[in-house]
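Encoded as structure tokens, the structure appears first; notes follow it.
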Amino acid sequence: LRFENYSDFGNTLNYKFAYRLRLTDQINMRGSWSSGFRAPSLAQIYFNTNFTNFNSGGATEVLLSANESAVTKGFGIEKLNEEKSMNSSVGFTANFGKFSATIDGYMVHVKDRIVLTGYFDASNLGQNVDEAQFFVNGVNTLTKGVDLVLAWKKSFSNDTKFGATFVGNYNKMEVLKVN
């Protein structure tokens with residue numbers, strides 16, 4: 001268990017349960033369940049800039065507005081909240097002499113993920129911009145994936161060693177809800 005008190009985001013109590021089961025002398029099974037918390041970054045709250053976006057229609061002046069600015073509030077964008085997640089994984093490890101392998105599957109469900117919005121018409125703001133965009137707690141997501149690591153090591157003498165490692169990952173993120 002981990003308890004934290006954030007001055008601007010309140011309290012959070014997160015947990016993690018992990019296990020390892022020895023199946024044979026060379027093979028282990030492992031897994032975990034946990035909760036997570038991520039407060040918005042300083043840039044997501046306070047960053048403010050103007051930039052020019054070029055597309056086939058020409059140049060457009062865009063304002064990326066800070067979350068706590070009057071412009072952002074004027075568009076009805078709410079104050080950023082923390083992201084909360086639920087995580088799980090299960091996997092296997094194997095060691096056979098010079099060869100080792102791990103494979104892990106995982107799922108991460110994030111509630112209130114912080115994303116950058118599309119463009120809003122801002123031509124009437126008097127800020128010399130055409131459009132504005134903001135960071136918002138915009139979506140809930142589910143990410144599923146698999147990690148694979150295959151490694152081989154060989155010693156030729158006390159000073160000479162050779163190794164080869166193959167690392168692979170596949171993941172897919174799905175938007176479950178647009179807030």
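The values are calculated or read from the model by the stated rules, or taken from the named source; none is laboratory data. Keep in mind that what you see is a predicted model, and the values were worked out from it rather than measured. With ideal geometry, Cβ positions are generated from the backbone for all residues, glycine too; neighbour counts draw on all protein chains shown. Surface areas here come from the heavy atoms of the whole protein model, side chains and all, with no ligands, DNA or RNA. Shrake-Rupley method; radii C 1.70, N 1.55, O 1.52, S 1.80 Å.
Treating the range 80-144 as a set of equal point scatterers at the Cα positions, no solvent, please give the Debye-formula log₁₀ I(q)/I(0) at q = 0.13, 0.16, 0.26 Å⁻¹.
Debye intensities relative to I(0), on a log10 scale: -0.60, -0.72, -1.02.
Magnitude of the Cβ-charge dipole of the chain, K/R +1 and D/E -1, about the Cα centre, nearest 20 debye?
Details: 18 positive and 16 negative charges, 246 e Å.
With Lys and Arg at +1 and Asp and Glu at -1, about 1180 debye.
Whole Å is fine, so just give me how far the alpha carbon centre of the range 99-117 lies from that of the range 48-97.
Spelled out, the Cα-based centre of one part sits 17 Å from the other.
Using the heavy atoms of the protein chains alone and a 1.4 angstrom probe, what is the accessible area of the range 78-134 per residue in square angstrom? Mind dumping the intermediate values first?
On the way: 3300 Å² over 57 residues.
That works out to 58 Å² per residue.
Cross-link list Lys73/Lys177; Lys16/Lys161; Lys144/Lys177; Lys79/Lys172; Lys73/Lys144; Lys98/Lys144: which exceed 27 angstrom alpha carbon to alpha carbon?
Working: Lys73/Lys177 23 Å; Lys16/Lys161 38 Å; Lys144/Lys177 16 Å; Lys79/Lys172 29 Å; Lys73/Lys144 35 Å; Lys98/Lys144 31 Å.
Where the Cα-Cα span goes over 27 Å, the pairs concerned are Lys16/Lys161; Lys79/Lys172; Lys73/Lys144; Lys98/Lys144.
Looking at Gly163, Ala18, Gly97, which one has the Cα that reaches farthest to the positive end of the dipole of the chain (charges on Cβ: Lys, Arg +1; Asp, Glu -1)?
Sorting the options by dipole projection puts first Gly97.
Ignoring ligands, DNA and RNA, what percent of the 1.4 Å accessible area of the chain is carbon and sulfur? Could the numbers behind the result be given before it?
On the way: 6470 of 11790 Å².
In the chain, the share of accessible area belonging to carbon and sulfur is 55 percent.
Of the peptides 151-158, 103-110, how do they stack up when ordered by the mean number of other Cβ atoms within 10 Å, highest first? Intermediate values should be presented prior to the final figure.
Details: 151-158: 10.4, 103-110: 16.8.
For the peptides 151-158, 103-110, the packing ranking is 103-110, 151-158.
Convex hull over the alpha-carbon atoms of the range 1-53: what's its volume per residue in Å³?
Details: hull volume 7.8 nm³, N = 53.
Cα-based convex hull of the range 1-53, divided per residue, equals 146 Å³.
Work out the P(r) tail for the range 1-145: percent of alpha carbon pairs separated by more than 19 Å, whole number. Mind showing how you got there, number by number?
Values: 6877 of 10440 pairs.
Counting pairs separated by more than 19 Å, the tail of P(r) holds 66 percent.
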